[in-house]
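Read the structure below first, then the notes.
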Amino acid sequence: MARTLAEKIWSQHAVADPGDGTTLLYIDRIFLHERTGSIALQGLEAAGRSVRDPEQVFCTMDHIVDTFPGRSDITIMPGGTEFITATRAAATDAGIRTFDIGDPSQGIVHVVSPELGIALPGVTLVCPDSHTGTVGGLGALAWGIGSTEAEHALATKTLAVAKPKQMRVTYSGQLPFGVTAKDMILALIGRHTASGGIGYVVEFAGEAVRALDVEARLTLCNMAVEFGAWSGIVAPDEKTFEYVRGRPYAPTGEDWDEALAHWRSLATDEDAAFDREIELDAAAIVPQVTWGTSPQHELPVDGAIPDPAGEADTSRRKAMERALDYMALAPGRALAGTPIDAAFIGSCTNSRLSDLRAAAEVLRGRHVADGIRAICVPGSSRVKAAAEAEGLDRVFTAAGFEWRESGCSMCFFAGGEHFGREERVITSTNRNFENRQGPGTRSHLASPTTVAASAIAGRIADVREFAPEEV
Amino acid sequence: MEPFVHHSGIAAPLLRINIDTDAIIPSREMKRVSKKGLGEGLFANWRYRDVATREEDPEFVLNREPFRHATILLAGENFGCGSSREHAVWALKDFGFRAVIAPGFGSIFYGNCVRNGILPVRLAEPDLEAIALHVDAEPSQQVTIDLPAQTVTDAAGADYPFDIGAGDKEMLLEGLDPIAKTMQLDEQILAFRERDRAARPWIYL
């Protein structure tokens, strides 16, 4: 029977049928971080259980740890130290490899796991973090879970999961200049809403997806959760295999050859049926910026802020009115040109080396506008080191950006460092929720290049006007 | 885990779409490595005029009578989207909620509810609106949920059937420990691992 890529990985990991509509799936890899991992490990210990196969479990410090140079266990976030020390102690007791503060492999979990070859094509990977689907960009079946489910995965090496429905989103054609994977996923969410993917695993396919490099595919899958999807996935190809080859935890020697043969079989069969298919014309996508407080509140950068009066659905209209009020924006006005206070490049969505290179291209020889606070937080310590080796840090700092240690940083406000009340931030992160980046802070999601261009302009800007078109 | 079988209680309407887990429990309110005491931080940014002093916003539904005593939350589409933080469920539970009724839920949040004895009920928007209408008219009238029968009954006595997966239903009804349940299949898990180790040795670090 013809099957989708996700169905193949699913059935390859099916251990048993518990007889209640779920499948007991074998979990190859588990990742933890100090925000939610600590409580999972503590819960496990309190129940008198232990971690099965700790060699396949990893932990990193990313959510709470500061991103200032010289950081330590002491955090700006009140009480943050407890999260770090409790996680470290529990992970050490359990024999879990931890990428701790100061470790050259420390970084944001979803940046670290592909970078180190922990996430691989065809594996199942879970983490008590909603952006775990990111590594679907390698062709892994990965999804976010809660802390209690994490205990289950740690104790049994399995999870009982109800099989999601299958969706394929096909991006045909080629992306225009200045348009990125971030714009592709925002365009999808804008058109099909933040709940459009509920209940589905989404395979991203089509010419424009095949043309993306692996890091961009990670960005695409990262925000599948913002579409409501259970997860996202891209079929692995030669680019993926080249990306994985030689990474610290990737297979080597004979194992590599066997793995490669297996990975090459991981594609959706030609006549496989999807429960839902969506097609988008990649060539018609322009740089996207959100205007409101849900990722579905997005606009082409050259668009006008929508009028809720034109929305027939009452709940959506009310949400739009509330969002306009929170964001202090008026319907009908152009989004581009809106003055900003700050710019942020970082997060598991857009903080990889390719993101920093692209933003640096926009920033090179330019400077952020007066009064703009601009911050770049590399996604991992390895990304930071690689960026510094090619001089990107100097491009950022010369342009007026702060250059930080890696971590989740100001993607979210946890009581520590944050953007100000009523401050308008253009950000390469994934969530523009109310108060997400600070109490009363107004967040506009965009690609790293759009963030860079806007930082220079001091207002929301169209990146296509900022760089010469490549020939 | 406390089982969920039948429940009657005050239903509080918060019919906004895309209520995310950051709104349910702001990250700032997750102060300790603990599941306890999170009810005070529930909806903190909406519930308090000043989060620091806990000065209440009298307009917010949970600050009004009888909704201070609500045990059922009526919410809009995609409730619990966003972050995986299970603290959102622990906060709802600590406040006293036993069930949330919405047209749809964030997928991780839904699973977290089931694992903590909170029933997530998916009801179509017209049904939800009908229940909310009765709540508006008679806020003190209780809404009743019958999990074995899979129905919600509003103050006027109208029944609304809902769907739930068999595994989730069983877990809620019996308050089962899912790990203990899975360990009954442990022989199969270990056998799978042995076969898999031979077939995919590169997985085993």
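With N counted as the residues of chain A, its alpha-carbon radius of gyration over 2.2 N^0.38 Å works out to 0.93. Scoring A:251-261, A:336-346 by mean Cβ neighbours within 10 Å over their residues and listing the highest first yields A:336-346, A:251-261. Where only DSSP H runs of four or more residues are counted, the protein assembly as shown gives -9000 deg cm²/dmol as its mean residue ellipticity at 222 nm, each run worth -39500 (n - 2.57). Remark: the stretch B:165-178, residue by residue, has Karplus-estimated 3J(HN,Hα) of x, 4, x, 5, 4, 4, 4, 5, 5, 9, x, 5, 8, x Hz, where x stands for each Gly or Pro and the curve is 6.51 cos²θ - 1.76 cosθ + 1.60 at θ = phi - 60°. A simple rule links phi to the HN-Hα coupling: the Karplus curve 6.51 cos²θ - 1.76 cosθ + 1.60 with θ = phi - 60°, which for the stretch A:298-307 gives 10, 8, x, 4, 8, x, 9, 4, x, 9 Hz, with x for Gly and Pro. This ranking places B:60, B:79, B:95, A:433 by how few other beta-carbon atoms lie within 10 Å of each, fewest first, which gives B:60, B:95, A:433, B:79.
Arrange the following residues from fewest to most other Cβ atoms within 10 Å of their Cβ: A:230, A:263.
A:263, A:230
Pull out a ≥ b ≥ c, the square roots of the eigenvalues of the alpha-carbon gyration tensor of the stretch B:6-174, then state rounded if a/c is under 1.5, prolate if not and a/b is larger than b/c, and oblate in the remaining case. Oblate, since a/c reaches 1.5 and b/c is not below a/b. Of the peptides B:154-167, A:312-325, the order by per-residue mean of other Cβ atoms within 10 Å, starting with the highest, comes out as A:312-325, B:154-167. Per residue of peptide B:24-37, the mean number of Cβ atoms on other chains within 10 Å of the residue Cβ is 6.
The mean count of C-beta atoms from other chains within 10 Å of the C-beta of residues in B:170-183, rounded to a whole number, is 4.
With just the Cα atoms defining each centre, how far is the stretch A:200-261 from the stretch A:377-454? Give it in Å. Rounded to whole Å, the Cα centres lie 25 Å apart.
The relative contact order of chain B, computed from alpha carbon pairs under 8 Å that lie at least 6 residues apart in sequence, is 25 percent. A cut-off of 5 Å between modelled amide H atoms, ignoring neighbours fewer than 5 places along the same chain, links residue A:374 with A:343, A:402. For the pair the stretch A:95-117 / the stretch A:60-74, the C-alpha centres are spaced 13 Å from each other. Note: relative contact order over the stretch B:1-123, using C-alpha pairs below 8 Å and six or more positions apart, is 32 percent.
Values in this text are rule-based calculations from the coordinates and carry no lab data. No experiment lies behind these values; they were computed from the predicted model shown. So basically every Cβ, Gly included, is an ideal-geometry build from the backbone, and we count neighbours across all protein chains shown.
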